[in-house]
1. Those residues that are part of a strand (DSSP E or B) and closer than 11 Å to Val479 by Cβ, I need them from the range 492-504; list them, please.
2. On the basis of being polar (S, T, N, Q), crowded, with 17+ Cβ neighbours inside 10 Å and in contact with a Ser or Thr (Cβ under 9 Å, 6 or more places away or on another chain), does Thr59 make the cut?
3. Return the residues of the range 8-31 that are in contact (Cβ under 8 Å) with a residue 24 or more places away in the chain and either of a type in the set (Phe, Trp, Tyr) or not in a helix (DSSP H, G or I) (or both); say none if nothing qualifies.
4. Condition test on Val330, is it part of a loop (DSSP other than H, G, I, E, B), closer than 30 Å to Ala134 by Cα, among the aliphatic types (A, V, I, L, M) and touching a Phe, Trp or Tyr at 6+ places or on another chain (Cβ under 9 Å)?
5. Quick check, is Tyr35 among the aromatic types (Phe, Trp, Tyr), touching a residue at least 12 places away in the same chain (Cβ under 8 Å), buried (at least 22 other Cβ atoms within 10 Å of the Cβ) and not in a helix (DSSP H, G or I)?
6. Among residues belonging to the range 454-470 that are outside any loop (DSSP other than H, G, I, E, B) and out of contact with any Asp or Glu (no Cβ under 9 Å at 6 or more places or on another chain), point out the one that is surrounded by the fewest Cβ atoms within 10 Å (Cβ to Cβ).
7. Could you check the range 607-653 and list, in sequence order, the residues that are surrounded by 14 or more Cβ atoms within 10 Å (Cβ to Cβ), closer than 15 Å to Ile27 by Cβ and among the hydrophobic types (A, V, I, L, M, F, W, C)?
Amino acid sequence: MSVNLYQTGVSGLLSAQQQLATTGQNIANVNTEGYSRQRAEQNPQLGLYNGDNYIGSGTYVTDIRRIYDEFAQKEQLLNQTNLGFADGLNLSLDQLNNITSSSGESINSSIEQFYVSINAIADDPSNLGLRNMALSQAGILASNFNSINSQFDQLEKSVNGEIEQIASQITEIAQELANINDQVLQNRSFNEAGQPNDLLDARDRLISELSQYTQVNAIEDQNGVLTVMIGNGTTLVSGQTAMAVEVKSGDPDPNQTSLELVSGSTRLVLDKTKVGGELGAKFQYRDENLKQARADIDRIATAISYTFNDLQAQGLDLNGQQGTDIFTDVNSTTLVQGRMQEFSDNTGSLVGEIHITDLTQLSSDEFEIEYDGANYQLLNLNTGSTTTLGAAGAGPFATTFGFEFVEGAGAPAAGDKFLVRPGENSAALIAQVLTNGEGIAASSAIEVTASDNNISAGNVQITNVTDPLTAQATAPLRVEVLEAPAGTYTYNIYNDNTNALLQTGAHTPPQTVIAGFAGAFDIEINGDLSGLAPNAPETFTINDAFGLGNGTNAFAMADTKDQGLINNGRETFNQSLAISTAKVGTDAKSAELVADTADALYTQSYNRNQEVKGVNLDEEAANLLRFQQAYQASSRIVSVASEIFDTLLAAAR
């Protein structure tokens with residue numbers, strides 16, 4: 001009897017001791033991040049048969065397990081991934097918004113000041129000081145474009161550095177998880193029943209950290225070993241093997257880096273659009289927000305250069321010469337070739353070029369040109385639409401996106417692909433190339449004067465002057481438009497000095513364009529030009545207009561400030577800039593709101609999880625007292641058993 005009582009007391013002592021140790025472990029780790037509260041599971045020993053009854057033989061601790069709710073843990077991981085994405089995007093967009101706001105304001109101000117100086121020249125064309133001031137403002141404008149492009153470059157470099165850093169961190173976590181899997185297996189080989197709770201907590205902390213960077217799915221096998229998958233299901237850790245995450249240069253743009261999972265000779269491409277977490281945020285920011293902001297600025301820089309250089313070429317400078325470019329030529333060799341990048345696996349030798357042809361249609365989208373062996377195919381990467389351009393050698397190939405594809409040296413091979421960015425490098429390379437104020441082509445070469453005898457509201461205009469000196473040499477001209485019979489219009493163009501008929505044709509209201517007259521300019525006849533009779537036509541004279549006081553072409557330049565020249569004629573330069581800046585600002589504000597919501601959801605899920613697994617000091621203090629009392633009571637049982645045993649021994653002597 002005393003022996004059984006002694007064993008019962010000892011078992012109670014040992015169990016209470018383990019309960020106290022477990023409680024102490026919980027209290028000691030109350031502030032340990034990721035620690036799961038532990039509990040010693042206690043069961044009674046099998047009773048011993050004694051006569052007609054079973055007498056209990058004590059207790060034992062079956063397991064010390066951690067309190068863990070798989071659903072709560074997965075909910076926390078999911079919300080942590082969402083928070084990592086939201087915070088990462090919010091931080092990056094905030095930086096982009098600060099740059100586009102401040103630098104955008106500088107560009108907007110310099111556009112305004114440039115137009116002020118052009119207006120001043122229009123009012124006083126012979127003032128050389130005003131002309132030089134305009135060139136100075138052109139230089140400031142170009143410099144501001146260069147500056148924001150440099151800041152975009154720095155942002156791209158910075159985010160690529162962050163991607164590399166996160167990839168390195170994921171690699172380290174993967175290796176640590178593989179090591180823990182190895183330790184879990186070793187533990188299982190020595191002890192099939194118990195679990196290494198602190199090791200499992202360490203594993204959960206690593207999974208939690210990993211979920212901040214990317215979407216995680218972890219599956220535990222019957223041995224307690226985790227298989228960890230990231231993104232859209234790509235395996236990162238399998239048993240004791242960990243994959244390394246490596247950054248791969250983009251193709252054809254090396255700055256558009258991507259990720260691969262590498263183990264030995266195995267290389268798996270990680271879909272950067274589905275990785276989630278902070279890593280996914282960095283890719284989305286770089287490949288969508290930053291790229292679009294840069295494309296918008298490049299398009300505006302292209303538009304300004306194209307517009308003013310085109311108008312310069314239509315006028316005459318202070319010395320009576322055709323105007324030359326104020327800004328870098330948008331179709332310079334460097335720019336046209338830089339807009340088209342070949343993929344590394346191309347087998348052909350073609351060097352392609354992208355020429356800007358129609359400013360109003362110019363797109364900020366990205367494109368891909370592929371040669372299928374018969375024709376070139378143009379794919380809009382933003383919309384997914386495809387256009388067949390034509391067979392090799394049949395170019396140049398016009399598009400509806402404001403540019404044309406020109407085949408340069410070499411020839412394509414079937415399957416060759418090229419990335420096309422119509423505005424590429426425009427903000428980076430825009431520069432003031434006209435250095436002498438006398439070179440500003442403020443004067444028009446020719447002008448149109450309507451006869452005082454005209455009675456209609458129709459008019460004749462000179463457009464698209466490609467050779468102002470030739471246009472000047474053809475003057476004076478006389479354009480007559482008459483209606484005979486009613487509803488039928490005919491135009492005649494005469495040399496006004498010799499009265500020689502140079503060209504005749506039909507005018508179809510509302511507009512007739514006589515393109516390339518004398519190979520130098522277009523003549524537009526607009527409206528219903530109804531004269532009094534066939535012998536009394538509507539008459540217009542075209543005369544040499546050059547003069548030091550002629551600011552007509554400068555006025556044409558100034559008028560472009562309020563003209564819709566971007567996005568199919570819907571936006572002025574300033575409006576396009578404002579829309580782009582506002583888009584970034586809206587995205588940044590939206591990202592901030594999403595981040596606030598994600599933070600609240602994560603906090604809720606974290607607190608719910610902590611309610612299950614976290615240490616409650618009040619509860620542990622109560623347990624400490626309870627198990628202390630149990631220990632003391634078990635000690636008393638042992639003492640009583642010892643006294644009984646001593647009494648029995650004494651009686652036997």
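1. Correct list: Asn492, Ile493, Tyr494, Leu502, Gln503, Thr504.
2. yes
3. Asn29, Val30 - these are the residues of the range 8-31 that are in contact (Cβ under 8 Å) with a residue 24 or more places away in the chain and either of a type in the set (Phe, Trp, Tyr) or not in a helix (DSSP H, G or I) (or both).
4. yes
5. Taking the combined requirement at face value, the residue satisfies it.
6. Kept after step one, since they are outside any loop (DSSP other than H, G, I, E, B), are these residues of the range 454-470: 459-463, 468-470.
Retained after the next criterion (residues that are out of contact with any Asp or Glu (no Cβ under 9 Å at 6 or more places or on another chain)): 468-470.
Working: Pro468: 28, Leu469: 14, Thr470: 16.
So, considering only residues that are outside any loop (DSSP other than H, G, I, E, B) and out of contact with any Asp or Glu (no Cβ under 9 Å at 6 or more places or on another chain), the one surrounded by the fewest Cβ atoms within 10 Å (Cβ to Cβ) is Leu469.
7. Answer for the range 607-653, where residues must be surrounded by 14 or more Cβ atoms within 10 Å (Cβ to Cβ), closer than 15 Å to Ile27 by Cβ and among the hydrophobic types (A, V, I, L, M, F, W, C): Val615, Leu624, Phe627.
Let's see how each residue does on (1) in the same structural domain as Thr62 (by TED's automatic domain parsing); (2) in a strand (DSSP E or B); (3) within 23 Å of Ala72 (Cα to Cα); (4) of a type outside the set (Gly, Ala, Ser):
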| position | (1), (2), (3), (4) |
| --- | --- |
| Ser168 | no, no, no, no |
| Leu199 | no, no, yes, yes |
| Leu210 | no, no, yes, yes |
| Thr227 | no, yes, yes, yes |
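The values are calculated or read from the model by the stated rules, or taken from the named source; none is laboratory data. All figures in this text were calculated on a predicted structure; none of them were measured in a lab. Every residue, glycine among them, receives a Cβ derived from its backbone with ideal geometry; neighbour counts consider all protein chains shown.
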